[in-house]
Amino acid sequence: MFLPNKLPEKFVETFIQESPMTFARYMELCLYHPEFGYYANAPKIGKKGDYFTAPAVHPVFGAAVAKQILEIWEFMGKPSNFVILEAGAGEGYLALDIINYFSLREIDLSYWILEPFLPNQKRQKQTLKEQVKKIKWFATWEEVPLFIGVFLSNELFDSFPVHLIEKTAEDLQEVYVIFEGHFREVLGGLSRPEILERVLPHANYWPEGYRTEVCLSYRNFLKEIAKHLHKGVIITFDYGYSRADFYHPDRQQGTLICFREHQVLENPYLFPGKCDLTAHVDFTALKEIGESFGLYPVGFTTQAAFLVGLGVEKLLEEIGRTGPRDIEALKLLLLPQGLGMSHWVFVQARNMPLPLALSGFKLSNRLGIL
Ligand SMILES: C[S@@+](CC[C@H](N)C(=O)[O-])C[C@H]1O[C@@H](n2cnc3c(N)ncnc32)[C@H](O)[C@@H]1O
């Protein structure tokens, strides 16, 4: 039994009406409810927010991504209709740093942002006020035209709702959430057969009581990418694991966590709509589902290896940021105790001549573990 902090009346009604709901639906309401969801209320990222992301740490992250994008653009023969579509742009820092790096190199490429939440779009427009005329914003996939170029996201897939499952003495069960003044969990049969397909054969080795997550929303999103990206590359930054690592018997409590004011909370029922709820990404799932839509895996490596492969230290000089604070920020991006080893980059290609030799994978490419 979990007692949440005070909830708006209408939100309470929704939880009551929908009970019992899968945990995925609970998470969807907490993050995506159009009025009370966490993302609908333009959460801040960085010191004043609930968590940091790489673009909020330092502009050199965006400069490195921009350098990688330019290499892809050159590889494609510098098409004039090349577009970068970033989904879930948060504060807009990554877009700003990428566009600034292009300007430094006197290159002008089209930048689009897919952001479903209008308050977030507004925040992005503030960050990008000098570039606002150059950028196109879209709230839904339906509005996005067919394009060639790069689809980009940072820490997006980890926010997709996940089904929560538990191994019992008899079989695999799913966690359902009931609201009756407080939240309560009950176990029941799996709501979708794909859940079992995702975790076999790993589930055979789990001990009783093992809890983990399965994200089924990757499929629709990757399908939309494949439908809209006629030719080009998909760059995904996020924290996560290969499937074997994700569903390792030792990871008995899964990866679900909440972030609130830079604190990690393990109980997802305390602040519905008021804290970020996330699960690590199953990169093997992104690879397999992507392949079924014609997205071919190109590379997988840690954020640290990717940035170093792109010459991140030289990039600091190039963007004129070599002070002690810049070096500290670089350490945060690269070191294992920062974002260097927990965060990964996964690249897929669509309708591109392969192999695609990208500088980001010059130091290491661990695609084989997916
Ligand atoms: C964790 S934040 C990451 C923000 C930013 N990329 C960064 O790294 O700082 C997730 C962002 O994705 C957006 N978002 C959530 N679901 C989305 C979806 N289905 N399509 C596009 N954007 C989405 C949220 O509004 C938010 O801007």
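Taken together, the values in this text are just the output of simple stated rules run on the coordinates, not laboratory data. For clarity, every value in this text was computed on a predicted model and none was experimentally measured. Ideal geometry is used to build each Cβ from the backbone, glycine not excepted, and the neighbour counts take in all protein chains shown.
List of remarks:
- Cα long-axis angle, helix 23-32 against the chain (0 to 90 degrees, to the nearest 10): 50 degrees
- Residues Glu313 and Gln173, FRET efficiency given R0 of 56 Å [Cβ-Cβ distance, rounded to 0.05]: 0.65
- Extending 7 Å from the Cα toward the beta-carbon at both Lys125 and Gln263 defines two label points whose distance is 3.6 nm.
- Equivalent ellipsoid, region 187-252 (semi-axes from 5 times Cα gyration tensor eigenvalues, Å): 28, 15, 9
- Cβ-defined net charge surrounding Lys129, 14 Å radius [Lys, Arg +1; Asp, Glu -1]: +3
- Only Cα pairs under 8 Å and 6+ residues apart enter the sum, and on that basis the relative contact order of region 168-247 stands at 24 percent.
- The angle between the Cα long axis of helix 283-292 and the longest principal axis of the Cα atoms of the chain comes to about 80 degrees, rounded to the nearest 10.
- Ranked packing of 309-321, 149-161, most packed first, by mean Cβ within 10 Å: 149-161, 309-321
- Share antiparallel - DSSP beta bridges, the chain, percent rounded to 5: 60 percent
- Overall dimensions of the chain, expressed as equivalent-ellipsoid semi-axes from the Cα gyration tensor (√(5λ), whole Å, largest first), are 34, 23, 20.
- Partner aspartates and glutamates whose Cα lies under 14 Å from the Cα of Lys122, excluding those fewer than 8 positions away in the same chain, are identified as Glu91, Glu130.
- Going from the fewest other Cβ atoms within 10 Å to the most, the residues Val132, Val264 appear in the order Val264, Val132.
- Cβ-based exposure ranking for Tyr32, Tyr101, in which fewest neighbours within 10 Å come first: Tyr32, Tyr101
- For region 215-370, the equivalent ellipsoid derived from the alpha-carbon gyration tensor has semi-axes of 26, 25, 15 Å in decreasing order.
- Taking the fewest neighbouring Cβ atoms within 10 Å as the starting point, the ordered list for Leu109, Leu295, Leu104, Leu256 is Leu104, Leu256, Leu109, Leu295.
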